[in-house]
Each structure stands twice: as C-alpha cells, then as structure tokens.
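The structure appears below as structure tokens.
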Amino acid sequence: MILVAPSMVELPSFIAAIRRVQTLDDPRFAWEVKRLAAIEEAPEKFIADRMDLEAKRPDIELDDGTLVAPLPAIEYWMWDGQVCGAINLRWLPGTTDLPTYCLGHIGYGVFPWKQRQGYATKALSLMLPHAKEIGLPFVDLVTDIDNIYSQRTILANGGFLVETLEKPSTSGGGPAFKFRINL
C-alpha cells in the first residue's frame, strides 16, 4: 500500500469505493458519501481541493449542520491498485492549536473490505513526515473510546494517550480518547 495524491486517474476507483460503501449504509463513511455530489458536480475542483494549503475550499458542514471555515489541509488516498481509504492532515498555520470543531490534526479511514491489513498503520506512518514538513512538532489524533483498531494504529506509530474528552456536538458528541504523536 502506498499513498497517492488524488488525481483524475484514481478518481474512478475512489468513486467506486464510495458507491460500494454507500450500499453498506455504514455511518462511519457518511462523510465520504456526502462527497459524491461534489465529485459529480466538479471533479477537477474536487481533486484540486484535496491539496488545499491555503484553505480556499468552501465552508465545511459539520455533523450537526454547522458551517465552518476550512483549515489548510492535504489528503492522500491509500492505494494498492485501487483506492483503499483516505488520510488527511489539517492545521492552523503558526500554531499547534486547532479550532474546537476539529478534533485532531490527522484523520483517516480504510474502506471496510480493505480493513485489517495494516493500511491505516502504514498510511499514518507515511503522513507523519508531511506534518513535520509543515512545522508541526506533534500531531493530535482523536478516536472514539470503542475504536480499538484506530487506537492500535496510533500506538503503533508512537502515539500516547493524552486525555479522555467529550466530543462537541458538532462532531457527534460522546466520549473519546485524544492521542499525541511527537515528530
């Protein structure tokens, strides 16, 4: 598995994966399914927005419907001959702080039929140098309390538990763990 910068070449594979996960009605991937409309409306813009170093893309709709300004962000797709998932890095220039609506610097997801193959662990290890390159001394990641697989991914990459927190309603609410990986 490698990380690839999203492009029109891989886009059909990404669309196929989203459509497949949509049939599973898996709430963990609802954010991906929402992206189908943006892809169909303007595929080139969708691809360009995956590498948004200046936060120029449109406002982002949170779980509760709140609209917020985007952060600078980069996204890569996990690739093993087809798109397996995505990983993204977001930040506020000049600080390690994040707005309350953004729980962590890095988020990732592996499509269900590609899980349990070490893809998330590898993708996270490949994303960490990008975080260091933009000047972050560490990254924070947040997982649900019951997401043992994501916790293992973070721990395998040198992460350590910082705190238990309550996610804001804009992020679905509920208890979560906050981890940190020093770079």
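Some notes on this structure:
- Of all residues in the range 70-98, those satisfying the criterion of being in a loop (DSSP other than H, G, I, E, B) and surrounded by fewer than 22 Cβ atoms within 10 Å (Cβ to Cβ) are 70, 71, 72, 80, 81, 82, 93, 94, 96, 97, 98.
- If you go through the range 111-123 and keep only what is in a loop (DSSP other than H, G, I, E, B) and crowded, with 18+ Cβ neighbours inside 10 Å, you end up with just 111.
- Test for residue 155: is it more than 19 Å from residue 75 (Cβ to Cβ) and either of a type in the set (Phe, Trp, Tyr) or assigned to a helix (DSSP H, G or I) (or both): yes
- In the range 1-32, of all residues being assigned to a helix (DSSP H, G or I) and of a type in the set (Ser, Thr, Tyr), the one that is surrounded by the fewest Cβ atoms within 10 Å (Cβ to Cβ) corresponds to 23.
- Counted residues, the range 127-138 - those being surrounded by fewer than 16 Cβ atoms within 10 Å (Cβ to Cβ) and part of a helix (DSSP H, G or I): 3
- Scanning the range 154-164 turns up one or more residues that are among the polar types (S, T, N, Q) and loosely packed, with under 13 Cβ neighbours inside 10 Å.
- Test: residue 58 is touching a residue at least 60 places away in the same chain (Cβ under 8 Å), in a loop (DSSP other than H, G, I, E, B) and more than 26 Å from residue 162 (Cα to Cα): no
- Residue among 35, 50 that is touching a strand residue (DSSP E or B) at 6+ places or on another chain (Cβ under 9 Å), surrounded by 14 or more Cβ atoms within 10 Å (Cβ to Cβ) and basic (Lys, Arg): 50
- Residue-level check: of (1) surrounded by 12 or more Cβ atoms within 10 Å (Cβ to Cβ); (2) modelled with pLDDT under 95; (3) closer than 24 Å to residue 130 by Cβ; (4) of a type outside the set (Gly, Ala, Ser), residue 58 misses just (1).
- Residue within the range 83-97 that is farther than 26 Å from residue 168 by Cα and either without any contact (Cβ under 8 Å) to a residue 24 or more places away in the chain or over 17 Å from the mean Cα position of the chain (by Cα) (or both) present: no
- Qualifying residue in the range 99-110 (condition: assigned to a strand (DSSP E or B) and either at positive phi or charged (D, E, K, R) (or both)): no
- Residue check for residue 87: under 22 Å from residue 6 (Cα atoms) and either among the acidic types (Asp, Glu) or out of contact with any Pro (no Cβ under 9 Å at 6 or more places or on another chain) (or both): yes
- Restricting attention to the range 171-183, the residues that are surrounded by fewer than 17 Cβ atoms within 10 Å (Cβ to Cβ) and more than 16 Å from the chain's Cα centre (by Cα) add up to 5.
- Any hit, the range 15-27, residues being modelled with pLDDT of 95 or more and among the polar types (S, T, N, Q): no
The values are calculated or read from the model by the stated rules, or taken from the named source; none is laboratory data. The structure displayed is predicted, hence computed values, not measured ones. Backbone-built Cβ (ideal geometry, glycine too); neighbour counts: all protein chains shown.
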